[in-house]
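These notes concern the structure reproduced below.
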Amino acid sequence: MGKLKTNHLALFPEITRLIEQSRRAVAVAVNAELTQLYWEIGKRINDDILVNRRAEYGKQVVTTLSRQLTGAYGSGWSEKQLRHCVRFAETFPDAQIISALRRELTWTHFRSLIYITDPLKRDFYIEICRLEKWSSRQLQERVNSMLFERTAISHKPDETIKNELAMLKNEQKLSPDLVFRDPYFLDFLGLKDTYSEKDLETAILAELQRFIIEMGSDFAFLARQKRITIDNRDYSIDLLFFHRRLKCLIAIDLKLGEFEAGFKGQMELYLGYLEKHDMAEGENLPIGLILCAGKNDEHVELMQLNKSNIKVADYFTELPPRELLQAKLHESIQRAKSSFQSKADEP
C-alpha cells in the first residue's frame, strides 16, 4: 500500500513535466512554421514588386493584399505586418539561413533584427542571442542599450569581427572581445551623488543578479574582498568571478575616480597571484577588469593594455542622454578603427 501511494505521489509531477515538454515542442514547431511562412510571403511580394519595378505599385500591392487577407483570415494581416514580411525577406535573402535559425529565434526576435541595418552588428546580436538564449524582450533591451557598440569587438577591424563571429557560430568559441564591454551601465544600483567604493561594492552584491545580466550570463560569482597574502602583506580583490565559456577567473577592481597608471601594477599583482595559487588545471589565464568613473584612453593606449589580460572600462551609475552616449561610442569606435588602419598601412 505504501509503495502504491508513493508511486501515486510521483505521478502528477511526471505527467506535468511531459505536458510542459510537449507544449514547448509544439510552440517551437508553430513558431518555426510561422517564421517560414512570413519569409515566403515577403519573398513572394518582393518578387512581384521587382517584376513590375514600380515603387507605387508595391504600395498598392501591400494595401490590397492586406485588405484581402484580413477579409479571408481576420486580423493579423495588416499592412504593417506585410511590410515586416517584405523587410524580412530583403534582410535574409538566403532561405538556408532562415531554415537554420527558425527553431532558435522567434518571429518577434526577427522583427527586431531586420531593422538593424549594419550586417555585422546584426550577426553579432544573432550569435549572442543564440548563445545566451535571450527572450525577444531581452534582445530589444540589448539593442536599445547599444550592447554591440559597448562591446570590445566593435572597435576591431570588420574582418576581425567576421572571423570571431564565425568561430562563435561554427566552433562555439567565445573571445574576450565578445564578452567585455565599455561602458557598463550600473544605473540599477540606485547610487546618487556621493558614495564610496564600499557603497558601490555593497550595492553590486545587493543587485548581483542584475549586475551579472549587465556583465553577461556566463559570469559566476565567487568572492567579495578575496583576501590574498604576498610577502606577509595582505591585499583584497574587490570582486572575483569565473567565466564559464572563457574558462578563467575574472578579477574586478572598483575605482571611484579616473583611471591611474598605478592601477595596472595593482591588477598585475592580483592576476599573478591568481595564476600561481588559484588557477585550476585546464583553465585559461585570469583576466582583470578595472571599472573606473573615467577611462583615460591615452593612458590605456600608451600602457598597451589592449595587448594584456587587463581590461579597463567606464561605468555609469546614472545614464547619460542617449544622443550623447551614441556620439561618444561612435567616436570611440571610429578612433579605434582608424588606429588599426594606420598600423596596417605602416611599412
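If only one of 293, 251, 223, 280 is aliphatic (A, V, I, L, M) and in contact with a helix residue (DSSP H, G or I) (Cβ under 8 Å, 6 or more places away or on another chain), which one is it? Break it down into steps so the answer makes sense when it comes.
On the way: 293 fails: in contact with a helix residue (DSSP H, G or I) (Cβ under 8 Å, 6 or more places away or on another chain); 223 fails: in contact with a helix residue (DSSP H, G or I) (Cβ under 8 Å, 6 or more places away or on another chain); 280 fails: in contact with a helix residue (DSSP H, G or I) (Cβ under 8 Å, 6 or more places away or on another chain).
Just one listed residue meets the conditions, 251.
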Selection within the range 310-328 - crowded, with 18+ Cβ neighbours inside 10 Å and at pLDDT below 90
325
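Looking at 150, 142, 130, 137, which is the one that is in contact (Cβ under 8 Å) with a residue 40 or more places away in the chain and under 25 Å from residue 110 (Cβ atoms)? Full working, then the answer.
Numbers: 142 fails: in contact (Cβ under 8 Å) with a residue 40 or more places away in the chain; 130 fails: in contact (Cβ under 8 Å) with a residue 40 or more places away in the chain; 137 fails: in contact (Cβ under 8 Å) with a residue 40 or more places away in the chain.
From the options 150, 142, 130, 137, the qualifying one is 150.
Condition first: in a strand (DSSP E or B), more than 24 Å from the chain's Cα centre (by Cα) and surrounded by fewer than 20 Cβ atoms within 10 Å (Cβ to Cβ). Now tell me which residues in the range 226-256 satisfy that. Walk me through it before giving the result.
Here is the first cut: in the range 226-256, the residues in a strand (DSSP E or B) are 226-230, 233-243, 248-254.
Still in the list and also more than 24 Å from the chain's Cα centre (by Cα): 226-230, 233-238.
Of everything in the range 226-256, those that are in a strand (DSSP E or B), more than 24 Å from the chain's Cα centre (by Cα) and surrounded by fewer than 20 Cβ atoms within 10 Å (Cβ to Cβ) turn out to be 226, 227, 228, 229, 230, 233, 234, 235, 236.
Across the range 139-189, which residue is nearest to residue 253 (Cα to Cα) among those that are among the β-branched types (Val, Ile, Thr) and assigned to a helix (DSSP H, G or I)?
Taking the range 139-189 first, the residues among the β-branched types (Val, Ile, Thr) are 143, 151, 153, 160-161, 179.
Narrowing the set further to residues that are assigned to a helix (DSSP H, G or I) leaves 143, 153, 160-161.
Details: 143: 27, 153: 22, 160: 29, 161: 28 Å.
Looking at residues that are among the β-branched types (Val, Ile, Thr) and assigned to a helix (DSSP H, G or I), I get 153.
Of all the residues that make up the range 190-217, how many are among the basic types (Lys, Arg), in a helix (DSSP H, G or I) and within 20 Å of residue 258 (Cα to Cα)? Walk me through how you get there before you give the answer.
We begin by selecting, within the range 190-217, every residue among the basic types (Lys, Arg); these are 192, 198, 210.
Narrowing the set further to residues that are in a helix (DSSP H, G or I) leaves 198, 210.
Now restrict to residues that are within 20 Å of residue 258 (Cα to Cα): 198.
Residues that pass the stated criteria total 1.
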Taking the range 115-124 as the search range and keeping residues that are part of a helix (DSSP H, G or I) and in contact with a Phe, Trp or Tyr (Cβ under 7 Å, 6 or more places away or on another chain), which one is surrounded by the fewest Cβ atoms within 10 Å (Cβ to Cβ)?
121
Look through 112, 99, 66 and report the one residue that is small (Gly, Ala, Ser), within 22 Å of residue 134 (Cα to Cα) and crowded, with 17+ Cβ neighbours inside 10 Å.
112
Positions within the range 257-309 being touching a residue at least 40 places away in the same chain (Cβ under 8 Å) and loosely packed, with under 14 Cβ neighbours inside 10 Å, in sequence order
261, 277
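The values are calculated or read from the model by the stated rules, or taken from the named source; none is laboratory data. Not measured: the values here are computed from a predicted model. Here the Cβ is made from the backbone with ideal geometry for all residues, glycine too, and neighbour counts use every protein chain on show.
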